[in-house]
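One structure is given below, encoded as structure tokens.
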Amino acid sequence: MDEITNQPPPLEPYDLFAGDAVLRDAVAREQAGWSTVKLAAFGKMLATPDTIRLGFEANRFPPTLRAFDRYGHRVDEVDYHPAWHQLMEIAVGAGLHARPWSSPRAGAHTARAAGCYMAVQIESGIYCPIAMTYAAVPTLRQNPALATEWLPRVFARTYDPRCLPASEKRSALVGMAMTENQGGSDLRGITTRAEPVGGEGERRFFRITGRKWFMSAPMCDAFLVLARSDAGLGCFFVPRWTPEGKRNGIHLVRLKDKLGNRSNASSEAEFVDAHAELVGEEGRGIATIIEMSNLTRLDCAIGSAGLMRAATAQAIHHAMHRAAFGKKLADHPLMSGVLADLALESEAAAVLALRLARAYDDEDEAAAVWRRVVTPAAKFWICKRAPALAAEAMEVLGGNGYVEDCVLPRIFRELPVNSIWEGSGNVMCLDLLRAVERTPGAVEVLAEELGAGAQADARLEALVADVMRRLARPDESRGRALTRDLALALQATLLLRHAPTAVAEAFCASRLGREGGVFGVLPAGTDARAIVERAAPVR
Ligand SMILES: Cc1cc2nc3c(=O)[nH]c(=O)nc-3n(C[C@H](O)[C@H](O)[C@H](O)COP(=O)(O)OP(=O)(O)OC[C@H]3O[C@@H](n4cnc5c(N)ncnc54)[C@H](O)[C@@H]3O)c2cc1C
């Protein structure tokens, strides 16, 4: 047989933690240094050939709906490839779905974010039920009796995929169903009905009837559902099984045939007289579920940052091993510029996402502003940059990057969804404008946060002055520019404070006060080699 030459070795195994200086530094900086030993072991375990293969298999054999059993009874179950379950076992076992709530301590949300950032690099589909379960906890706590009954199951770290009443299971996962056919952003149009059937005081029960156009991870053990009673929109907890041990009226109509995120099932669902319990105040459903939405938005930012890291690592690895025109691709000036630019974008996404995660640990006024105001900005900008980065990373691999043997096509297909769900781009910009107006101290906190960093760089100083002026008098039609610029200013501030000079300088020079464009147009004098070396994955 002919010898095959000039093909890079596969990037496996590699070390997702030890080989990622940006992640390691951020974990230490954002109060999660105590989790380093566990994260290091997790990062090593994740990128072994066996685990990497699970991600490919879970996507090659996507879930299928089994609506009925062989005798025609409704079962409304979804069958997954064993690889999906193994990946879920890894994520739940690591506590990515609940640990900051079950074992709270300073830096717990950061540590979990770091774990998620690594896990998505192997397979991102599982992140959907993991993120929803994590995000559901504060909302569940708004019904203390329900929380007492369900949170011990949610906090358990033994993944249990069986479709059984939760009381018979080792653990439970929680999904959410808000979006209807007629609208996902504008939830005021929800028509699903909730009729009261009894209960009193804290525990009030309803019957839910209506259709949800998207309900992901439909094998979750319960869902937080928005539905309308006579008091208006409410938030309801709908378990898969009724308290009497019967299958609840949650019919899975079909599974969506999606561009990416294929290992994860997303269903259309019909609620037929389904048993439900009110969470929060009746008629205040959006206010009740808002914290869940905010947390899922944080996870979109973390997930996209993780996938940007994975794509960048693949690109650098390939270019360091593949030669063309007499030298390694990474040594060609045009290519090293592209790689450095990918690394800059990836690092900026990671530092912002992990800084944001820390805000979910802290309790002061600044943290509240980060959570409420910066979350939509970070979600918007990181998720918008990610698909472009993945496309460029794919091109670094040439034809190999376009073929399904490589992880990049999967990453490329996956990324747009993080921008769409949990509040699409424009909705994030509108949310930012609303949040600035309604969050006490928002402008002052941002001014302080950005002001300190701005003194270090004249370009940043100019941008910050402009952002602060626009924040004080928001203009909806320029909402995207403002959201982008706030995110860029925060990224630049963090990089100037914490990254090597080559990184911070190239980021400010290429991104502040410019309209952007293709990757790889860094200013003359950029130390591309230093930037690429910093981002190179370690096998
Ligand atoms: C794979 C997948 C899984 C999903 N899983 C779930 C799930 O588990 N549970 C769930 O509840 N939902 C789920 N969703 C739904 C998702 O959250 C919605 O698709 C999303 O919120 C957008 O709603 P929509 O599709 O109705 O689009 P629309 O609300 O119709 O929005 C369409 C576009 O208009 C823009 N837009 C809306 N309002 C404005 C405005 N005022 N000004 C300017 N632009 C505006 C939006 O940004 C968007 O780009 C899922 C979606 C996908 C793709």
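The values are calculated or read from the model by the stated rules, or taken from the named source; none is laboratory data. Keep in mind that what you see is a predicted model, and the values were worked out from it rather than measured. All Cβ positions, glycine included, derive from the backbone under ideal geometry; neighbour counts span all protein chains shown. The area values use the complete protein model at the heavy-atom level, side chains included, leaving out ligands, DNA and RNA. Shrake-Rupley method; radii C 1.70, N 1.55, O 1.52, S 1.80 Å.
For ALA67 and LEU334, what is the calculated FRET efficiency with R₀ set at 56 Å and r taken between the beta-carbons, to the nearest 0.05?
In this case the efficiency is close to 0.55.
Determine Rg/Rh for the chain; Rg is computed over alpha-carbon atoms and Rh is the Kirkwood hydrodynamic estimate from the same atoms.
Radius of gyration over Kirkwood radius for the chain works out to 0.98.
If I stretch the segment between GLU149 and HIS321 completely, what's the gain in nm (0.36 nm per residue apart, minus their alpha carbon distance), one decimal?
Extra length available between GLU149 and HIS321 comes to 56.5 nm.
Working from Cα positions, state the angle (0 to 90°, nearest 10) between the long axis of helix 144-155 and the longest principal axis of the chain.
On a 0 to 90 degree scale, this one is about 50.
Counting only GluC sites (Glu not before Pro) that are in a DSSP loop and have at most 16 other C-beta atoms within 10 Å, tell me the longest site-free stretch of the chain.
Longest stretch, sites excluded: 4-201.
Given a Förster distance of 30 Å, report the FRET efficiency between VAL518 and ILE4 from their Cβ-Cβ distance, rounded to the nearest 0.05.
Between VAL518 and ILE4 the formula returns 0.40.
By how many degrees, between 0 and 90 and to the nearest 10, does the Cα long axis of helix 408-420 differ from the longest principal axis of the chain?
The answer is roughly 60 degrees.
Does anyone have the angle between helix 49-60 and the longest principal axis of the chain? Alpha-carbon axes, 0 to 90°, nearest 10?
The answer is roughly 60 degrees.
Which whole-number percent is the relative contact order of the chain (Cα, under 8 Å, 6+ apart)?
Reported as a whole number, the value is 15 percent.
Could you pull out which residues in the range 206-242 have an amide N less than 12 Å from a spot 7 Å beyond the Cα of ARG188, following the Cα-Cβ vector?
Counting only backbone N, you get no residues.
If r is the Cβ-Cβ distance from ASP364 to VAL403 and R0 is 60 Å, what FRET efficiency results, to the nearest 0.05?
Result of the calculation: an efficiency of 0.75.
For the chain, what % of the accessible area comes from carbon and sulfur atoms, probe 1.4 Å?
Carbon plus sulfur share of accessible area: 53 percent.
Please report the relative contact order for the range 86-156, taking Cα pairs under 8 Å with a sequence separation of at least 6, and give it as a percent rounded to a whole number.
Result for the range 86-156 is 40 percent.
For ASP299, what charge total do you get from the other residues with a beta carbon under 12 Å from its beta carbon, if Lys and Arg give +1 and Asp and Glu give -1?
Charge balance in the 12 Å sphere: +2.
Restricting attention to the alpha-carbon atoms of the range 108-148, what are Rg (one decimal) and Dmax (integer), both in Å?
For the range 108-148, the Cα radius of gyration and maximum Cα-Cα distance read 12.6, 37 Å.
Where only protein heavy atoms count, and the probe is 1.4 Å, what is the accessible area per residue for the range 125-239 in Å²?
37 Å²
Placing one identical point scatterer on every Cα of the range 1-160 and ignoring solvent, what is log10 I(q)/I(0) from the Debye formula at q = 0.09, 0.17 Å⁻¹?
So the normalised log intensities work out to -0.39, -1.07.
Determine the gain in length on full extension of the stretch VAL197-LYS256; use 0.36 nm per residue of separation and subtract their C-alpha separation, reporting nm with one decimal.
So the chain would gain 18.0 nm between VAL197 and LYS256.
Find, among the trypsin sites (Lys or Arg not before Pro) in the range 319-355, those assigned to loop by DSSP (not H, G, I, E, B) with at most 11 other beta-carbon atoms within 10 angstrom.
Sparse-neighbourhood loop trypsin sites (Lys or Arg not before Pro): none present.
7 Å from Cα along Cα→Cβ at both GLN455 and ALA21: what's the point-to-point distance in nm?
Going from the GLN455 label point to the ALA21 one covers 2.7 nm.
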